[in-house]
Amino acid sequence: MTGCESTGVRIDGSLTKTAFYEEARGNWVMRWLAVAIGLTCGLAVASCDQTVAEGKDCPASQRDHTVSGYCVPRYVSLRRDEVYGRRGPGKDYPTVYVYHTRGLPVQIVAETAEWRRICDPEGGAVWVNRNMVDGRRTVVVRGAAPINLTETAGGGKVAGRLQGQGLAQLEACKEGWCRLKAGGVEGWAAEQELWGLNPAAQCH
């Protein structure tokens, strides 16, 4: 494995999110999203600190009314392997979660100049510094069942399989299908099988 590879590789038994509870005077560790990708050609998710223009598909009429100049809500992904999620928009607020999955898709539901309130695929809502997210779009599979990646939109020959709760890079979407990339394999999956696409706010 090279340093460029993200946490999309199989990490059975690893932790991707740590919850903090002050009353317990310590950390309570809970197993959360097992980011595991099962593909016939190997395991990995692109890319290495690739930064994409955030909110590039946001209409100008909506950008004019937000702090950042991007739509709210909008999807981004975590930029680092360790991201602190806080109760409020600042370092003085207590930590609620620490995320350990670079590339995890999250939805920004509120923002200040320096902080973003994010919703994760499990429905957790916390504040993170704006430098901890970027515009690279990823998705995760809903549920525990694996899904097929097909060579064409709408079905067809299977190019690979994405495990339940697997993480993949989002390439494009059309007519209810999305082209994904993971482990060097590209294929199409139905939108309803994926988290990270619904434009409505997923939490508050």
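The values are calculated or read from the model by the stated rules, or taken from the named source; none is laboratory data. Just so we're clear, the structure is a prediction, and the values are computed from it rather than from any experiment. Cβ sites come from the backbone with ideal geometry, for glycine too, and all protein chains shown count toward neighbours.
A few notes on this one:
- Counting only residues that are buried (at least 22 other Cβ atoms within 10 Å of the Cβ) and on the phi > 0 side of the Ramachandran plot, the stretch 81-132 holds 1 of them.
- Counted residues, the stretch 85-114 - those being touching a helix residue (DSSP H, G or I) at 6+ places or on another chain (Cβ under 8 Å) and touching a residue at least 60 places away in the same chain (Cβ under 8 Å): 1
- The stretch 174-204, residues that are surrounded by fewer than 18 Cβ atoms within 10 Å (Cβ to Cβ), out of contact with any Gly (no Cβ under 9 Å at 6 or more places or on another chain) and not in a loop (DSSP other than H, G, I, E, B): 174
- Residue match in the stretch 79-96 (condition: within 30 Å of residue 188 (Cα to Cα) and among the hydroxyl-bearing types (Ser, Thr, Tyr)): no
- Filtered by the rule that a residue be modelled with pLDDT of 75 or more and either farther than 24 Å from residue 183 by Cα or more than 15 Å from the chain's Cα centre (by Cα) (or both), the stretch 63-82 gives 65, 66, 67, 68, 69, 70, 71, 72, 73, 74.
- For residue 176, the requirement of being modelled with pLDDT under 95 and over 30 Å from residue 90 (Cβ atoms) is not met.
- Filter result (part of a strand (DSSP E or B), in contact (Cβ under 8 Å) with a residue 12 or more places away in the chain and aliphatic (A, V, I, L, M)) within the stretch 153-173: 158, 159, 162, 167, 168, 170
- Search result, residues across the stretch 88-134 that are among the basic types (Lys, Arg) and modelled with pLDDT under 95: 102
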